[in-house]
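In what follows, a structure is listed as structure tokens, so that the remarks can point back to it.
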Amino acid sequence: MPVGIFRVCLLVITAIVNHPLFFPKENGTVPENTEEIIQKMKEREESLRLEQLRLEREIADQEATQKALEKAALVVEETKEEKVRWDMWTALSMVIFLLIELWRQDFQEGNWQDIGGEEDDMAVLGKAFKGVTFPNKAVLASFYEKRILGTTGDMARMREMVEGFADDLLEALRSVCNRDADMEVEDCMGVGSMYENWRVRKPFVCDLIVPFAPPEPYCFRCQTWCSGDSFPPDEQGYGTIKVCRADEDVTGCICDKTKLGEDMLCLLHSQVNTTRPSSEMEDLLCFKNTQYLDADQVMKWFQIAVTKAWNRISHKYEFDLSFSLLDSPGALKIKFRSGKSIAFNLTPVVQFENSDVYFISHFPRSSLAADVPSSTHWFLTFAVYERRFIHLVSKTLPANACHVSCLQILSFLHGKQCSLTGPSGLTNYHLKTVMLHLLQARPSQDWAPEKLEARLQDMLKFLEKCLHEKKLYHFFIGNGKVPAELGFPIVFQRAEPLNLFRPFVLRRDVYRKTVDTFHEMLRNMSALINEYTVHIPLAHTNGIRKESL
């Protein structure tokens, strides 16, 4: 009951408190401001819509700008690609133009035609051979007997005389040299055409090489262009010679290859061993302030030593001895009282390791030969192996084989032509290299004496092909087919082939002169041979031709 009364009282009190009369008067204006609020809301909505439109326009402008930039970048990239392609085509066009120009200069006046054919033919005769009459077997045999065979006996007597005098001269040279300070001179060896029995043109000149070695405790350490280090193309075929102490390990320590600091000392070599006075190295014929053997210093030493040796033994001979060429250290001439003279070359060389390859101080120069890089660069000669190879192959050839005869005839023709039109880039060494290549390429039966005419044509074809390509490779360097019996050093067999005609690529004037001389020699060949040939009746010539058929 009390609870019910309390609830009724609470309800009455609540009704009284919530009566409208108890609220302030201003609260009654809320319904009157509704339209104003709605208007503000509409204005706000309109401003937001305008802002949205503005933002949409900005976004659209940004997208358009981005697309324009991307399009511009694409255009630039395409322009660069087109420019690169244009530059590439321009460069390619220039290369093609240069090649065409070089080809035009080589083939102008119709001197050459395309070379092809089988390997056995070596090369197809070019236009230069058209109209050329090759001498037949009878004419060649008569020419060889009359002009060349008669010189064999003279060469043998001259070799014997020169070798005997050279041995006596070198023995005197050893006696005048200081064995504790001067170079040690060994016995001389004969090389070249006089000792390979194919020299035909006078004056006969014997080529002798004289190996020498440094005094104890020094030794020579040789380095060639194919020893692993990079050599420029103009130094291929050369090497350097370092003078070292015999107990010095030049390959195991780098103290002589790098500059050590002032406060650093090599623990393997004392300062006494590594530092040598400059005068001491000059006494050892080295280039100034280096340990490399100087060819010019060797030339001066050898000339002085030969002069002293001749002064010691001159009373024994009834002739005079003098140096005939200023630029060759051992070009000597014997002058008899009768007015006759004999020339020979006595050239100092250094042996390469334990082989018969030698570093030669001075090599006979030709119009094709390039200048020596420096006086510390020595040219390598393989003359001993060349002589040994010819002797070895000759044992497998038929009796009276024609390989030497071909070389003699070709050497005679080229020498005669050069005496008429002047020197060319071809040398007798190039002609011998052609013969060596053909000796290795053709079977032994192809060198029978009755095939002299065919083999002579082969040599001319091969030489024409080499001149056309400006490529005649050295026979030994890079040749993996060298007979093992020769004991040829493997380092040279594995080397890159050495092109003897490389200077033709650089000196086009010499190349053109050489080609013209070769063509002129072909045209004059019959006339040059007939000049030294006994007249042969036509019937006899025809009979020989029928037998050959």
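The values are calculated or read from the model by the stated rules, or taken from the named source; none is laboratory data. The structure presented is a predicted model; accordingly, all values stated were derived computationally and were not measured. All Cβ positions, even for glycine, are placed from backbone atoms using ideal geometry, and neighbour counts span all protein chains on display. Calculation scope for accessible area: heavy atoms of the full protein, side chains included, ligands and nucleic acids excluded. Shrake-Rupley method; radii C 1.70, N 1.55, O 1.52, S 1.80 Å.
General observations
- Rounded to the nearest 10 square angstrom, residue 151 shows an accessible area of 10 square angstrom against a 1.4 Å probe.
- Heavy atoms of residue 521: accessible area, 1.4 Å probe, square angstrom to 10: 10 Å²
- Computed from label points 7 Å out along Cα-Cβ, the spacing between residue 38 and residue 96 is 8.6 nm.
- Accessible-area ranking of 435, 94, largest first, probe 1.4 Å: 94, 435
- Packing order of peptides 481-491, 153-163, highest average first: 153-163, 481-491 (average count of other Cβ atoms within 10 Å over each peptide's residues).
- Förster radius 35 Å - calculated FRET efficiency between residue 175 and residue 227 (Cβ-Cβ, nearest 0.05): 0.40
- Links that overshoot a 29 Å alpha carbon limit, given the list 288/513; 451/471; 137/481; 333/461; 333/465: 288/513; 137/481; 333/461; 333/465
- Neighbourhood net charge (14 Å Cβ-Cβ; Lys/Arg +1, Asp/Glu -1) for residue 171: -1
- Peptides 35-46, 436-447, 201-212 ranked from most to least packed by the mean count of surrounding Cβ atoms within 10 Å: 201-212, 436-447, 35-46.
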